[in-house]
Amino acid sequence: MDEIAQSIFPKKFSDPHITATGEPRASVSFRGLEMLWLNTGTLCNLTCAHCYIESSPRNDRLAYLTRGDVQACLAEIKSRNLPTHEIGVTGGEPFMNPDIMAILSDCLAQGFRLLVLTNAMKPMWQHRDELLALKRQYHEKGGGNGAKLVFRVSLDHYTVEGHEQERGPGSWVVALQGVDWLLSHGFAVHIAGRTFTEESEEVIRAGFAGLFAAQSWDLQAHDPHDLLLFPEMDETRPVAEITTSCWKILGVSPSEMMCATSRMVVRRRGAKNISVVACTLMPYAPAFDLGTDLRSAEMEVALNHPHCARFCVLGGGTCSG
């Protein structure tokens, strides 16, 4: 995907300090690790049309993150008393990772809020008994821990046609069944959809409201937590670079960007060590690879990628819970 962006806009996003027009590029200072993302691997049961990470049943460019990898990160958080309060789990499809249940259990055991991104299809379905056991252990004991485990399920549109245009035939019914199962067993669920240039946010939220009512889901489509809408990610369309003056012009603060308070851990295929990257959206870009542990990743990030502008600054998107 970085190759696509550079072939279309060869002069943009090439210098980490200066934009194509010669202006100083915006950057984001690191304020502390509040949320750690774990990419469990790029393998997925689906091949979606616009997957930013190109997940598929064949793409193992990011290998499975192991339980040991995660335990090392959790140990560093604890030993350094980092301000981390939330762990995000993404992929690929996380439930394809053979260590997934142990990883979820370890995160919950240390008291973190846990946000799990899933398509709620067969890979998750195969872990139903283990998920129920996890819920009994961490939701129903200790009082008030029910919101510690949250599932974010991807539904790209409120219609079967719109959803399956992105995710393929047969994906709609199975995803709805997965959400039904999670909600019927008392799990906290959020829905992740997408915005489209041909539909306003008001129309999209109204459409999802109709879906939620038809499915008898106790979710509020106009609540940005119950229904998170991600900006459209069309890499063929040009996007402006973000300069230092843009913060004031746009009325946006760099401290609001994801890379100010979060990082993502990945394991590259064939690599000896894990890598800590600046953002969930740039797992492959070398410039956003910040080292092999959390300490080394505590640095300023130059917004030198189309996604920085398209998703975060101009799109107002965030992957956090």
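The values are calculated or read from the model by the stated rules, or taken from the named source; none is laboratory data. This structure is a prediction, so every number in the text was calculated from the model and none was measured. Ideal geometry is used to build each Cβ from the backbone, glycine not excepted, and the neighbour counts take in all protein chains shown.
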With the range 47-152 as the region, which helices (runs of 4 or more DSSP H) entirely inside it contain at least 3 residues that are out of contact with any Ser or Thr (no Cβ under 7 Å at 6 or more places or on another chain) and buried (at least 16 other Cβ atoms within 10 Å of the Cβ)? 67-79, 100-109, 128-138
Selection within the range 162-201 - farther than 11 Å from residue 229 by Cβ, acidic (Asp, Glu) and surrounded by fewer than 16 Cβ atoms within 10 Å (Cβ to Cβ): 180, 198
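Can we say residue 118 is within 24 Å of residue 77 (Cβ to Cβ), among the hydroxyl-bearing types (Ser, Thr, Tyr) and at pLDDT 95 or above?
On the way: within 24 Å of residue 77 (Cβ to Cβ): yes; among the hydroxyl-bearing types (Ser, Thr, Tyr): yes; at pLDDT 95 or above: yes.
Yes, satisfied.
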Need pairs with beta-carbon distance below 8 Å; first residue modelled with pLDDT under 90 and within the range 284-311, second outside any loop (DSSP other than H, G, I, E, B) and surrounded by fewer than 20 Cβ atoms within 10 Å (Cβ to Cβ); sequence gap 6+ or separate chains. 311/230
Specify which of the listed residues (225, 307) is assigned to a helix (DSSP H, G or I) and of a type outside the set (A, V, I, L, M). 307
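Just give me the residues in the range 210-231 being surrounded by 14 or more Cβ atoms within 10 Å (Cβ to Cβ), in contact with a Lys or Arg (Cβ under 6 Å, 6 or more places away or on another chain) and of a type outside the set (Phe, Trp, Tyr), in sequence order. So that I can check it myself, show each step before the final result.
Residues of the range 210-231 that are surrounded by 14 or more Cβ atoms within 10 Å (Cβ to Cβ), as a first pass: 211-212, 217, 219-221, 226-231.
So of that shortlist, the ones also in contact with a Lys or Arg (Cβ under 6 Å, 6 or more places away or on another chain) come out as 221, 230.
221, the sole residue that qualifies.
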If we keep just the residues of the range 242-254 that are over 10 Å from residue 314 (Cα atoms) and within 23 Å of the chain's Cα centre (by Cα), which is surrounded by the most Cβ atoms within 10 Å (Cβ to Cβ)? 254
If residue 169 satisfies every condition in (1) within 22 Å of residue 39 (Cβ to Cβ); (2) without any contact (Cβ under 8 Å) to a residue 40 or more places away in the chain but one, which is the exception? (1)
What single numbered condition from (1) out of contact with any strand residue (DSSP E or B) (no Cβ under 7 Å at 6 or more places or on another chain); (2) assigned to a loop (DSSP other than H, G, I, E, B); (3) surrounded by fewer than 19 Cβ atoms within 10 Å (Cβ to Cβ); (4) not charged (D, E, K, R) fails to hold for residue 207? (2)
